[in-house]
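What follows is a single structure, written as structure tokens, with notes after it.
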Amino acid sequence: MKRLLIVLILLGILSCGDEQAVVNPQNTEPSSNSNLYVEGELLVKFKTSTRRTSINAIHRAVRATVKKRFETLNIEHIKLPKGHTVEEALKLYREDPDVEYAEPNYIVRKAVIPNDTYFNLQWGLNNTGQIIDGVSGTPDADIDAPEAWDIHSGNGGIIVAVIDTGVDYNHPDLSANIWVNTNEIPGNGKDDDGNGFVDDIRGWNFAYNNNNPMDDDVDG
């Protein structure tokens, strides 16, 4: 998981992976959401026994042009004529016996999914309706973490302040990522950084007015 840096814990207030074309041999129908694929383009794979003359004849029938050939895969990147929809062209190509498969030119984005063994148990980050401890989740009732990570996954220079009833700063997922006040000398009983708080190494506990923001769960 990307680092969560904790600056300040206020206690007792409230208890509160570049877009690219992909080759997909599945003949799934294109979504009505055109943002999922490039309009006016197809990826077509012909059977290895198909002659070039037959391939050219198929393209002429659709009035399509070849943008690029992936020789190793025997796949052609097709540009459709103006006014010709992806759905219409798919039907024509798929009906031809020389075509192994035809697909929209899908757009995919790298997915930044953590290698956390228990990531699939966290409904709040990505809820697919998975069953956890015998309870089914509600699909998409989450914060869309993977979608957010596709845009930005953060960095160690970002500091996040959390208003909550504390934090278990010894937790293995957090201990290496908790903010540390480097301007303070631990345990010397002095306010070294002059901010009004003594030995506030990990932040401040405003409920009990001390330098220990540990979540002791006394508020339930």
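Just so you know, all these numbers are worked out from the coordinates, no wet-lab data involved. Bear in mind that the values here come from a model prediction, so they are computed numbers and not experimental data. Methodologically, a virtual Cβ is constructed for each residue, glycine included, from the backbone with ideal geometry; neighbour enumeration extends over all protein chains shown.
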Subject >> Difference of contour (0.36 nm per residue) and Cα-Cα distance, Arg51 to Thr85 >> reply: 9.6 nm
Subject >> Cα gyration tensor category, rounded, prolate or oblate, for the stretch 156-219 with a/c compared to 1.5 >> reply: oblate
Subject >> Per-residue HN-Hα couplings for the stretch 39-48 [Karplus 6.51, -1.76, 1.60; θ = phi - 60°; Hz; x = Gly/Pro] >> reply: 5, x, 9, 9, 10, 10, 10, 9, 5, 4
**OP:** Please report, in debye to the nearest 20, how large the charge dipole of the stretch 51-170 is about its Cα centre when each Lys and Arg carries +1 at its beta carbon and each Asp and Glu carries -1 there.
**Re:** 1260
Subject >> Placed amide H near Lys67: partners under 5 Å, 5+ positions off or other chain >> reply: His77, Ile78, Lys79
**OP:** Within the stretch 82-132, report the trypsin sites (Lys or Arg not before Pro) that DSSP leaves as loop and that have at most 13 other Cβ atoms within 10 Å.
**Re:** Lys82, Arg109, Lys110
Subject >> Other-chain or far-sequence residues with amide H under 5 Å of Tyr37's (modelled H) >> reply: Ile107
Original post:
If contacts are Cα pairs under 8 angstrom and at least 6 residues apart, what is the relative contact order of the stretch 151-220 in percent?
Top reply: 27
